[in-house]
Amino acid sequence: MAECGRKALSLLEAARSRYESLQISDDVFGESGDDSSDNPFYSTSGDSDSDNYIAEVGEEDQQQPKQHPQKRNDKESAHSCGAGAGGVTGAGPPGSLSRSQAEEEGWKETLQDVTVPPYKETHGPAQKLPATATALDFFQLFIPDNCIQNMVLQTNMYAKKFQERFGSDDGWRPVTAQEIKAFLGFVISTSVHRCESVLSIWSSGFFSNQSIALKMSQARFEKILKYFHIVAFRPSQGSNQGLYKIQPFLDSLQQSFSCTFRPSQTQVLHEPLIDEDPVFITTCTERELRKRKKRKFSLWVRQCTSTGFICQISVHLKEGQGTDGLATLKNKPQLHSLVAKQLCQNIPGKNTIIFTGPSITSLSLFSEFSKQDIYCCGLLSTRKSDCTGLPQSMLVSGSTPAQRGQSRVMMKGNMSLISWYNKGHFRFLTNGYSPMKQGMIIKRKSGEIPCPLAVEAFAAHLSYICKYDDKYSKYFIFHKPNKTWQQVFWLSISIAINNAYILYKMSDAYTVKRYSRAQFGERLVRELLDLDDCSPTQ
């Protein structure tokens, strides 16, 4: 008995050590709550609003976690990935192979070891800022002065064009760089003080903020808001006409993300939680929810699983004149495949391991990535995934009940198709982890559940992304403009601020003043407004 206990303890310690780097994520915002844990395999607490689709793999069959309505289908839960304990019991999904076809295509139950070559990049900040660096210094790694100057130029050009067409505006005068910074600061303050209307700053109500309201009059702010532009004139040609007013900014932002940070070997492709104010969502009725206008765009990201740094973003319009070929593929697996290729276009040849949800996971995509030295580990769904070329016998649930922790594996070359049972059948497709290596899922209540290493890795890395999204949703900019390009702009600014905070946490400046995410945001607002006292409110 003692020997069994020691063996279990050694397995636990080995599992924890494999993901030691992920423990930084639990406190990446400096505000760990009850849902954080030193053990990355533990899910968030039962009353958390996290999807729990990673760490609680299989538990959803008996107990559904509380979720916000805005947590979309592309953040698929593990419950949907396996179609529950029943799964598909008849014919397999479209494109799947019969037993004889699978044998002809090279699928077999004989397993072989798979080794991923070492990562060819060092990871971490690419630029080292001094210990005296301010919140604005980190923010301007992504929104530098030349970007501010372009906003000044384009805003003034648009104001001139508008007035030439619709008549002069006596209350307007050309905007300056200092005013644009202050304008950004006012809007960003809605992420700190959680007010949906930025104009509340000048009101006498609960969200008024006289400490910053004196920096600019409400009338002047509204004039800048009326004419604010990134691109004043429609280009004669471009790669994405539907987003022409924001595309140059997105390109610049993407370049700055790549230049300032090198992600770890493990990264995830997903659609972050950006839809609505979480406070509003939890208090409004279903009728009010239906009346809310849906966003006309989707935003996908490639995100470092060790730190939460968003390395790349991809925006496409759900409707409109997008010329990138995505608009015609909405709600189809081809759309998600194209999005994945866009997000991974800068990482071939580095031996990166990519984690994906069911809407992206497919044999054809993973095989294409494998040729570029991009390795994958993805959750499969018989309803949402493209199952073309996969053995039907692995995608349907057998009549014989499986035991918890039991798994089956078939291989084709270096690609492994895993069917793992945990109160439901869950399927994974991977070439990034050896099917011969075992791991475990660790639960607070039920203890250790044996599983293939790929399942353990998926749970460990993706559980961090759930925690990140829970915290990230608190700090997006609450200002809600009507125009799509403005929504994309302020969302991108929110991502840039979160990335700036992650760099701050990893810098020497954090050892001098340990600001929480909320304090960092408040300090940034005051520095953008050029207030003398830049200390955050304690």
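A few remarks follow.
- Selection status of Thr110, among the polar types (S, T, N, Q), farther than 30 Å from Val512 by Cβ and part of a loop (DSSP other than H, G, I, E, B): yes
- Test result for Phe366, at pLDDT 85 or above, open to solvent by less than 10 Å² (accessible area, probe 1.4 Å) and within 15 Å of the chain's Cα centre (by Cα): no
- Any hit, region 427-435, residues being modelled with pLDDT under 95 and among the hydrophobic types (A, V, I, L, M, F, W, C): no
- Qualifying residue in region 134-156 (condition: open to solvent by less than 20 Å² (accessible area, probe 1.4 Å), at pLDDT 95 or above, in contact with a Pro (Cβ under 9 Å, 6 or more places away or on another chain) and β-branched (Val, Ile, Thr)): yes
- Where a residue in region 332-357 is under 14 Å from His270 (Cβ atoms) and its partner, wherever it lies, is assigned to a loop (DSSP other than H, G, I, E, B) and among the hydroxyl-bearing types (Ser, Thr, Tyr), with Cβ under 6 Å and at least six apart: His336/Ser359
- Of the candidates Gly405, Gly398, the single residue that is of a type outside the set (Lys, Arg) and open to solvent by 50 Å² or more (accessible area, probe 1.4 Å) is Gly398.
- Of the residues in region 455-462, not one is under 30 Å from Ser189 (Cα atoms) and charged (D, E, K, R).
- Residue among Asp386, Asp373 that alone is touching a helix residue (DSSP H, G or I) at 6+ places or on another chain (Cβ under 6 Å), over 15 Å from Glu103 (Cα atoms) and touching a residue at least 12 places away in the same chain (Cβ under 8 Å): Asp386
- Inside region 503-516, residues that are in a helix (DSSP H, G or I), touching a residue at least 12 places away in the same chain (Cβ under 8 Å), surrounded by fewer than 23 Cβ atoms within 10 Å (Cβ to Cβ) and out of contact with any Leu (no Cβ under 8 Å at 6 or more places or on another chain) make up a count of 3.
- Restricting Lys384, Lys437, Lys474 to those that are open to solvent by 20 Å² or more (accessible area, probe 1.4 Å) and under 30 Å from Ser191 (Cβ atoms) reduces the list to Lys474.
- Odd one out for Asp169 among (1) assigned to a loop (DSSP other than H, G, I, E, B); (2) under 37 Å from the mean Cα position of the chain (by Cα): (2)
- So Thr176, is it open to solvent by 50 Å² or more (accessible area, probe 1.4 Å), of a type in the set (Val, Ile, Thr) and modelled with pLDDT under 95: no
- Top-ranked residue of region 102-126 - restricted to ones that are in contact with a helix residue (DSSP H, G or I) (Cβ under 8 Å, 6 or more places away or on another chain) and within 30 Å of Ala500 (Cα to Cα), ranked as surrounded by the fewest Cβ atoms within 10 Å (Cβ to Cβ): Ala126
- Residue within region 158-172 that is crowded, with 17+ Cβ neighbours inside 10 Å and charged (D, E, K, R) present: no
- Flag if Leu528 is in contact with a strand residue (DSSP E or B) (Cβ under 6 Å, 6 or more places away or on another chain), more than 26 Å from Leu365 (Cβ to Cβ) and surrounded by 21 or more Cβ atoms within 10 Å (Cβ to Cβ): no
- Checked against (1) surrounded by fewer than 23 Cβ atoms within 10 Å (Cβ to Cβ); (2) in contact with a helix residue (DSSP H, G or I) (Cβ under 7 Å, 6 or more places away or on another chain); (3) not in a loop (DSSP other than H, G, I, E, B), Leu379 meets all criteria but (1).
- Residue among Lys245, Lys215, Lys223 that alone is under 19 Å from Trp490 (Cβ atoms), modelled with pLDDT under 95 and of a type in the set (D, E, K, R): Lys245
The values are calculated or read from the model by the stated rules, or taken from the named source; none is laboratory data. What you see is a predicted model; the values in this text were computed from it and never measured. No Cβ is skipped: glycine too gets one built from the backbone with ideal geometry, and neighbour counts run over all protein chains shown. Heavy atoms of the whole protein, side chains included, go into the accessibility calculation; ligands, DNA and RNA do not. Shrake-Rupley method; radii C 1.70, N 1.55, O 1.52, S 1.80 Å.
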